[in-house]
Each structure stands twice: as C-alpha cells, then as structure tokens.
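A.B. asks: I have a structure here, written as structure tokens, and I will follow up with some questions on it.
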Amino acid sequence: MYDPLAIALAAIATLAVVLVSSLKGTGWEPTADISDEVLEKRAAAVPETDFPEPGNRAIGGGGGGGAIPAGGDGEGGELEEGGAASAGPADIPEDEVEYFEVEFLKEGETIELANNETILDQGEEHGWDLPYACRQGQCVSCAGHITDGPSEDYIEHDNQQMLDDSELDDGYTLTCVAYPRDSFSIETGEAP
Ligand code: FES
C-alpha cells in the first residue's frame, strides 16, 4: 500500500514549493507609465489656475480643488474697498488743487504750496535742502514748527505716527507727510 514515509516526504516537498513561490512576491510590477496617467487624471480633475504648477496644492487633493473657487468667490470687494480707502491728500485731482502762501521763516521766503503735495517735497522742489530721514511719518527728522497755532489747523497729516496731541497743538508738524490746508508760517528743522 502507501508508504507513510513517502507521503510525509511528498507533503514536505509540496509545502516547500508553496513557500518558495510565495517568497517570490505577488508578481505585481508597476507599469512604466502609471505616473503620467495619474498626473493626467489629477490635472483633468482640477480647474485651471494662474499660479505655477509647483505651488498648486490643489493637485493631488480634492479638498484643494475646492479651495480655489472658494478663494475666487472671496469677493475682491475687500481689496477694492481698501484701494478706495487709501485715497489721501496726494490723490487730489489736478483740477481741484488749491494753493496757499507759506512763509519759510529760516529760508526767508514765502512760496505757494499746493495742497496735494507735502511741505517737504515742495520745499525741496524749490531748491532747499530740508532735513528728512524716513519720509513716512515714522521719525521726527523732518519736523517743523508752524508758528501760527495748532499745526493741524493749517495742514493735514497723512499718517504721521510720532507727534502727540499736545505737540500738534503746539504747532509741530512732520513735513514729509504734511499737506497744506491754509496759509501759514513755518520754521523748518524744529522738533518738539
Ligand atoms: S522724515 Fe521721518 S517723519 Fe518725516
């Protein structure tokens, strides 16, 4: 009949074959063009964008794809409103510009200044070497003293950040951000 030893050897041999074949792997190999296929599918799934591909986080994420239209719906209104709010004295149209007589006490001369340009700019255009540093209302290098009274009765500051109310009341101004609103006399190079 059957030899038990032969049966055991056959079973062991079968197991060995199964083991060896399973160690060889599943036989799955990535196809050479899988990457391109995936990229094409993803590219087709998201809308066109204006920014360069490396920065486009929408590629590869459905959530990102939704983020683009959401941003687009962000109603550029806020930006447009911001732009309108930024209109300052320098934006007065040429046909609405007014001129005032301003006496520069140290320079010994009275000149006409427009209300859409700073005292500093117009003094320089006249040929004077007036003091300044930042030209943004953030230091006091360009400070001057209006001798007629509180400075903001005669000029409008566009975002001066250095003078407090009492200094303004004493007549001090930052000429780099000061636009004439009336005629006055000023001492340049005078800080509080
Ligand atoms: S130059 Fe700095 S505040 Fe005018």
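A.B. asks: Taking 0.36 nm per intervening residue step and subtracting the Cα-Cα distance, what contour gain separates ASP36 from GLN161 on full extension? Working shown, then result.
C.D. replies: Details: separation 125, 0.36 × 125 = 45.00 nm, distance 5.69 nm.
Length difference between fully extended and current span is 39.3 nm.
A.B. asks: Where in region 151-192 does the label zone of ASP91 land, with the point 7 angstrom along Cα→C-beta and an amide N cut-off under 20 Å?
C.D. replies: 156-161, 177-181
A.B. asks: Follow-up question, since we're still on this one. If you take the square roots of the eigenvalues of the alpha-carbon gyration tensor of region 93-188 and sort them as a ≥ b ≥ c, do you get rounded (a/c under 1.5), prolate (a/b over b/c) or oblate? Display every interim value, and only then the final one.
C.D. replies: Details: a/c = 1.26, a/b = 1.23, b/c = 1.02.
Since a/c stays below 1.5, the shape of region 93-188 is classed as rounded.
A.B. asks: Can you list the residues, at least 5 places off or on another chain, whose amide H is less than 5 Å from the amide H of ILE146, using H built in the peptide plane?
C.D. replies: Under 5 Å from the amide H of ILE146: TYR172, THR173, GLU187.
All of the numbers you see were taken from the coordinates with simple rules; none came from a lab. Just so it is clear, the structure is predicted and the values come from calculations on it, not from any experiment. Virtual Cβ from ideal backbone geometry, glycine too; neighbours counted across all protein chains shown.
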